[in-house]
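What follows is one structure encoded as C-alpha cells, with my remarks underneath.
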Amino acid sequence: MVLCRDRVVVVTGAGRGIGRAHALAFAAHGARVVVNDVGVAADGSGGSPGPAQQVVDEIAAVGGRAVANTDDVADWDGAARLIQAALDSFGRLDVLVNNAGFLRDRMLVNLAEDEWDAVVRVHLKGHFAPLRHAAAHWRAERKAGRPVDARVVNTSSGAGLLGSVGQGNYSAAKAGIAALTLVAAAELGRYGVTVNAIAPAARTRMTEQTFSDAMAQPVDGFDAMAPENISPLVVWLGSEESADVTGRVFEVDGGRISVADGWRHGPEIDKGARWEPKELGPPVRDLLTHATPPTPVYGCTTSRLHNTQVRGAR
C-alpha cells in the first residue's frame, strides 16, 4: 500500500546515508521530495551539490518527483529558502524530516570551542530553523481556514538519550532535539501538526568506525545495520495514518523498534520546610535506593558506573 501519495516531503541531509534512504523510501510511497544536502564531508568541511542531485536523479529514474536543495539548514535564511523550495516546487508542504548533521568527536578535556559550536549548530539549530519556518507556514494555513495534516520527524540519537563518551557536543545537541520534539508536539498540535523523533542506529559515514566488522555482516541475508532499515518507520510517521501519534521518541535499528521512556518524576520526599545541607545525606541516599538506576552511558562499562553509584551512596 502506498502511504504518502502526493504528500510533499522535505528531508534534510538526504544526499547520503539515512537521509538518502528516507528520500528514496518516501518517493517509493508516492511522495514528492525536496532532497536537501550541502554535500559536506563527515566532519562538516567542504560542500558540493552533487549528493543531493544524485538522489534526485535516482528518484526520477524510477518515475518519482524530486528537487534538490543545497541550503544550509542551520542558516536562518537558508532554512527559510528550503521550506519555500517545497512550496515553489510542489505548492504545499506536508512533512519535514530533520536529519542533517556531522560529527567532531573529542573527549571533553580536548573538545575545542569551535568543535562544540559547529556540532550544536548543525544538529540543534539545524533542526530548529527549518521547524520554525515550516511551523509558521502551517499556522498561516490553519488560520486561513485551509486544512493541515502535517508531520515533523526529528532525528535524535542514543547518544542524546543516554549520553556517549567522547561525544559531549553531539550528545548535548541530540538531547536538545529530543526535548525540542516534546515542546513542538505540545505547541503545534493545535495547527494539525504532529512532531515525533527517532533515535536510529545504522551504518553511515558517521558511524562506520563505531560498528564492528561482525556487526556489519548480514545474518541470513538481513543486513541489520543498513540505513534502509530506519526509513519504514519514518515513512509511516510521515503518513496520514500516524495522526494520533505525537510527542514520542522511537529507537530504531535493524528490525527493532522501541519507544524511549524519557525523564519523568521519580521518588520524592518533602520536608515541608527548607532543608539544611547537613541533613540531606540520608534522605537523598534513601531516594536513590528507591530510584531506577540509570542506563549506562555509551562507552562506559556497567561495572564502572555501578561502582561510581555505590561510592556516591555511601
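The values are calculated or read from the model by the stated rules, or taken from the named source; none is laboratory data. Since the model is a prediction, treat every value here as computed from it, not as a measurement. Cβ sites come from the backbone with ideal geometry, for glycine too, and all protein chains shown count toward neighbours.
Looking only at the stretch 96-134, count how many residues are over 17 Å from Val34 (Cα atoms) and of a type in the set (A, V, I, L, M).
11
Considering every residue within the stretch 117-140, establish whether at least one is acidic (Asp, Glu), in the same structural domain as Gln84 (by TED's automatic domain parsing), in contact with a strand residue (DSSP E or B) (Cβ under 9 Å, 6 or more places away or on another chain) and surrounded by fewer than 20 Cβ atoms within 10 Å (Cβ to Cβ). Steps first, answer last, please.
Taking the stretch 117-140 first, the residues acidic (Asp, Glu) are 117.
Then keep just the ones that are in the same structural domain as Gln84 (by TED's automatic domain parsing); that gives 117.
Pick out the ones that are also in contact with a strand residue (DSSP E or B) (Cβ under 9 Å, 6 or more places away or on another chain) and you get none.
No, that holds for no residue.
Quick one: Val245 ticks every box in (1) outside any helix (DSSP H, G or I); (2) loosely packed, with under 12 Cβ neighbours inside 10 Å; (3) at pLDDT 90 or above; (4) in contact with a helix residue (DSSP H, G or I) (Cβ under 9 Å, 6 or more places away or on another chain) except a single one, so which number is it?
So Val245 meets the others, but not (2).
Which of the helices (runs of 4 or more DSSP H) contained wholly in the stretch 40-127 include at least 2 residues that are farther than 17 Å from Gln167 by Cβ and modelled with pLDDT of 95 or more? Please lay out each step first, then the result.
On the way: elements: 50-61, 76-90, 113-120.
Those helices (runs of 4 or more DSSP H) span 50-61, 76-90.
Within the stretch 146-180, track down each residue that is without any contact (Cβ under 8 Å) to a residue 60 or more places away in the chain, part of a strand (DSSP E or B) and under 15 Å from Met107 (Cα atoms).
none
Taking the stated definitions as given, is Ala150 touching a helix residue (DSSP H, G or I) at 6+ places or on another chain (Cβ under 6 Å), more than 22 Å from Cys4 (Cα to Cα) and assigned by TED's automatic domain parsing to the domain that holds Trp236? Break it down stepwise before answering.
Working: touching a helix residue (DSSP H, G or I) at 6+ places or on another chain (Cβ under 6 Å): yes; more than 22 Å from Cys4 (Cα to Cα): no; assigned by TED's automatic domain parsing to the domain that holds Trp236: yes.
It is false that Ala150 is touching a helix residue (DSSP H, G or I) at 6+ places or on another chain (Cβ under 6 Å), more than 22 Å from Cys4 (Cα to Cα) and assigned by TED's automatic domain parsing to the domain that holds Trp236.
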